[in-house]
Amino acid sequence: MAKTVRNGAPKIERVRKTYAFTKRTAGLIESHKYVANDCEVDFITAAVENYCADIDGEKNMDLLCDRMYKIVSAEVDSQSNRMANMLFKIAVELAIQNHMLAAGYVNLTDSEMRYIRNQALNTVRKSHGFLSFEKALEEERALSEG
């Protein structure tokens, strides 16, 4: 829309159109035109511009959703790889400890080994996976004394 200047104030050039509204729509315009300083033309113009923007936004929503999906998927994949890497390192450390302990306890019987495994399982269950060497040492000392 071209702008012209009249009396020093910019004026927006308008195109004259005639529309017929239902009584309900006319009532809505009348009851809401205060938003546009009681000017029906300005209110209808703003309403049409907002509606058109909503329509265009819905068309572009698919593109936006695809982009967001790709970004989130890439981040999840990255975090999954990071977690897998950390779990692998923990498994290696645990294997080292197991081999070190096994070297010192080669003469354990199968029933003693099952007892130790069950004890470890119960400890993990009771502590919800939060283990410490100090706690395990306290438990072993209590068992050896009692």
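Odds and ends about this structure:
- For the chain, the dipole from Cβ point charges (+1 on Lys and Arg, -1 on Asp and Glu) about the Cα centre works out to 860 debye, to the nearest 20.
- Sorting Leu64, Leu28 by the number of Cβ atoms found within 10 Å of their own Cβ, with the fewest placed first, yields Leu64, Leu28.
- Taking each DSSP H run with n ≥ 4 as -39500 (n - 2.57) and averaging over every residue of the chain yields -26000 deg cm²/dmol at 222 nm.
- Cβ-Cβ FRET estimate between Asn81 and Phe130, R0 fixed at 22 Å, reported to 0.05: 0.30
- Lys pairs, the chain - Cα-Cα below 19 angstrom, 8 or more residues apart or on other chains: 6
- Identified option (computed percent of Cα pairs over 27 Å apart; candidates (i) 78; (ii) 63; (iii) 22): (ii)
- Ranking of Cys52, Cys39 by count of other Cβ atoms within 10 Å, fewest first: Cys52, Cys39
- Over the chain, relative contact order from alpha-carbon pairs under 8 Å, at least 6 apart, %: 6
- GNM flexibility winner over the chain from Lys33, Lys89, Lys126 (Cα, springs under 10 Å): Lys126
- Comparing Phe130, Phe21, Phe43 in a Gaussian network model of the chain where C-alpha atoms under 10 Å apart are linked, the largest mean-square fluctuation is found at Phe130.
No lab work stands behind these numbers, since they all come straight from the coordinates. This one's a predicted model, so the numbers in the text were calculated from it and none came from an experiment. Cβ: placed from backbone, ideal geometry, glycine included. Neighbour counts: every protein chain shown.
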